[in-house]
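Visitor: Please read through the structure below; I'll follow up with questions.
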Protein chains: 2
Amino acid sequence: MTKLTRKQREIIARKELILDISAKLIAEQGFSNFGMDRIAELTEYSKGTIYQHFQCKEEVLMHLCIRGLRTWRDFFDRALKLRGNSRERLLAIHLAHHFYAKLYPVEYESIYTVKSAGVREKISPESHAAQNELMKDVIDRVVIVIDEAIENGDLKLPGTMAPQDLVYGFWALHYGELMFETFNFPYRNMGIGDLENNVRLVLRTLLDGLPWEPVSTRHDYTASAERIMREIFPEEAAAIAAR
Amino acid sequence: MTKLTRKQREIIARKELILDISAKLIAEQGFSNFGMDRIAELTEYSKGTIYQHFQCKEEVLMHLCIRGLRTWRDFFDRALKLRGNSRERLLAIHLAHHFYAKLYPVEYESIYTVKSAGVREKISPESHAAQNELMKDVIDRVVIVIDEAIENGDLKLPGTMAPQDLVYGFWALHYGELMFETFNFPYRNMGIGDLENNVRLVLRTLLDGLPWEPVSTRHDYTASAERIMREIFPEEAAAIAAR
DNA sequence: ATAACAATTGACGTTTCGTCAAAATTTATC
DNA sequence: GATAAATTTTGACGAAACGTCAATTGTTAT
């Protein structure tokens, strides 16, 4: 690659700084109190310089989201390193999702904030395209596991069902967790306790019903989850356990 | 009930007018171009009068959402009038959801817009509570069907699974449809065609796997869907068919 | 008819946005 | 190393939208 000048490296570093400070600002003060003047103040650059990097504050959030999606993709890639049966591998993906959501809450929530009414209109089509591309990368990791399972015979989909349909189900089930949680919906009043556990339960039922072998009566997936946390995500599990 | 004065009736009517015009404005110009000055202009009242009704523009959206939720609940109540087996009744709920989402897109999307970062902070706890209450009412209609199915023996949940877990799955699956659709995510590139059909397929697989009788191999639910559209939602089906 | 009360108005102060001409800094040329 | 050209940075500025409130208009009660 061509070598970058000091100036160019500075500019790249500053972009990261802006994103770091934005994430912190949003986490601490909420998105309402997040603005360009504030970013300029905290980064100790002028507003004009901030606008050199991002067209508007919504673009800042979008780029925070995009950076996060790369981290998320990396989490999924790590999950795919697990050696085990195909359902264990999907469980690893499930846990990777969980860890990403917990460890990067601002980035995670930004996925839909940038698509919500009043925000999405202000973001360039190019940025939306970049985000969609990465979302597709993330989802593709799920497709990999499903395809593997079909190939090695663990999973035979019903005639009417394509792999994409199952991906959709997997995705929606996980997305729902985000909805209930970050929207502060009083799901506890509905008798729902721990959401992550809930997603796992519904998912397990869906997979057992297909069936996707080995079904949960013939394999201890709770033990598998513990192994995955130990082998693949020890630091993340510790970080979350430490609150 | 105590009789209302002309003035009081006028005030109630004006509130409705503000909501009607807001829905139209958002539908036509997007949420970015939606503001209090604009509402004042279009309703031909002054800004001060608008603020008499709503504390801020976010509250306008929230009340649009709340009004919509009542309509949604009514849709579900109509669905519950269907005579048929328990899975047909759940299918009626599914279709009611679909019709509401299609016929009231602004209200439907507002459900999460009002909970999204930067918006939710500006809305009063009272309004959030009112929304949550109605959301609960809506979800309770789903619980009714599940409870019925358990009671008459159509459905036996696996030992680990509570009715709430199934409700969560049902809900998340439907919510995902909204996500993919209104967020303009390029799901078609993923090989997913018609989303509504997709939700139905995954749901069917989940229910067949439980199993929730009669399973789809023993009953023609496509025919049931047609019957439901004919008997319960003829006007809505026609309205959507007419684009 | 008049007084007390309630509702309505729109001009106004405030905030945040995004811009742009001027100033400062870096890079290129002699 | 001095000077010119190009680039980057700055913050003051106009625009837009928010929410308020004193003054005005309208309604109800005496």
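The values are calculated or read from the model by the stated rules, or taken from the named source; none is laboratory data. If you're wondering where the values come from, they're calculated on a predicted model, not measured in any experiment. Every residue, glycine as well, gets a Cβ built from its backbone with ideal geometry; the counts of neighbours run over all protein chains shown.
Visitor: Given A:Gly159, A:Gly193, which one is out of contact with any helix residue (DSSP H, G or I) (no Cβ under 8 Å at 6 or more places or on another chain), assigned to a loop (DSSP other than H, G, I, E, B) and either modelled with pLDDT of 85 or more or at the interface with chain B (Cβ under 10 Å from one of its Cβ atoms) (or both)?
Guide: It is A:Gly193.
Visitor: Can you confirm whether segment A:42-53 contains a residue that is in contact (Cβ under 8 Å) with a residue 24 or more places away in the chain, on the phi < 0 side of the Ramachandran plot, aromatic (Phe, Trp, Tyr) and outside any loop (DSSP other than H, G, I, E, B)?
Guide: The answer is no, given that none of the residues of segment A:42-53 is in contact (Cβ under 8 Å) with a residue 24 or more places away in the chain, on the phi < 0 side of the Ramachandran plot, aromatic (Phe, Trp, Tyr) and outside any loop (DSSP other than H, G, I, E, B).
Visitor: Given (1) within 12 Å of DNA strand C (Cβ to nearest atom); (2) modelled with pLDDT of 95 or more, where does B:Arg9 come up short, assuming only one miss?
Guide: (2)
A quick yes/no check of all residues on (1) modelled with pLDDT of 95 or more; (2) surrounded by fewer than 21 Cβ atoms within 10 Å (Cβ to Cβ); (3) within 9 Å of the chain's Cα centre (by Cα); (4) more than 14 Å from chain A (Cβ to nearest Cβ):
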position: B:Phe75; (1), (2), (3), (4): yes, no, yes, yes
position: B:Arg87; (1), (2), (3), (4): yes, no, no, yes
position: B:His97; (1), (2), (3), (4): yes, no, yes, no
position: B:Lys122; (1), (2), (3), (4): yes, yes, no, no
position: B:Asn132; (1), (2), (3), (4): no, yes, no, no
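Visitor: Can you confirm whether segment A:33-41 contains a residue that is in a helix (DSSP H, G or I), aliphatic (A, V, I, L, M) and within 8 Å of DNA strand C (Cβ to nearest atom)?
Guide: Yes, some residue in segment A:33-41 is in a helix (DSSP H, G or I), aliphatic (A, V, I, L, M) and within 8 Å of DNA strand C (Cβ to nearest atom).
Visitor: Considering each residue of segment B:45-59, count those that are basic (Lys, Arg) and near DNA strand C (Cβ under 7 Å from one of its atoms), and give that number.
Guide: The total comes to 1.
Visitor: Report, by residue number, each residue of segment B:103-119 that is over 11 Å from the mean Cα position of the chain (by Cα) and more than 8 Å from chain A (Cβ to nearest Cβ).
Guide: Scanning segment B:103-119 gives a single hit, B:Val114.
Visitor: From the list B:Leu61, B:Leu91, B:Leu69, which one is buried (at least 21 other Cβ atoms within 10 Å of the Cβ), in contact (Cβ under 8 Å) with a residue 60 or more places away in the chain, within 14 Å of another protein chain (Cβ to nearest Cβ) and assigned to a helix (DSSP H, G or I)?
Guide: When all the criteria are applied, what remains is B:Leu69.
Visitor: Quick one: which of A:Leu210, A:Leu178, A:Leu195 is touching a strand residue (DSSP E or B) at 6+ places or on another chain (Cβ under 9 Å) and either surrounded by fewer than 19 Cβ atoms within 10 Å (Cβ to Cβ) or not polar (S, T, N, Q) (or both)?
Guide: A:Leu210
Visitor: Looking at (1) more than 16 Å from DNA strand D (Cβ to nearest atom); (2) in contact with a Ser or Thr (Cβ under 8 Å, 6 or more places away or on another chain), find the lone condition where B:His97 falls short.
Guide: It fails just one condition, (2).
Visitor: Is it the case, given these coordinates, that A:Arg83 is more than 16 Å from DNA strand D (Cβ to nearest atom), more than 14 Å from chain B (Cβ to nearest Cβ), at pLDDT 95 or above and touching a helix residue (DSSP H, G or I) at 6+ places or on another chain (Cβ under 6 Å)?
Guide: The answer is no for A:Arg83.
Visitor: Right, next: Kindly evaluate B:Asp37 against the criterion of being within 13 Å of DNA strand D (Cβ to nearest atom) and not hydroxyl-bearing (Ser, Thr, Tyr).
Guide: yes
Visitor: Out of B:Asp147, B:Asp165, report the one residue that is within 18 Å of A:Gly176 (Cβ to Cβ), within 22 Å of the chain's Cα centre (by Cα) and modelled with pLDDT of 85 or more.
Guide: Matching residue, one of B:Asp147, B:Asp165: B:Asp165.
Visitor: Residues in segment B:205-243 that are part of a helix (DSSP H, G or I) and out of contact with any helix residue (DSSP H, G or I) (no Cβ under 7 Å at 6 or more places or on another chain): how many?
Guide: 10
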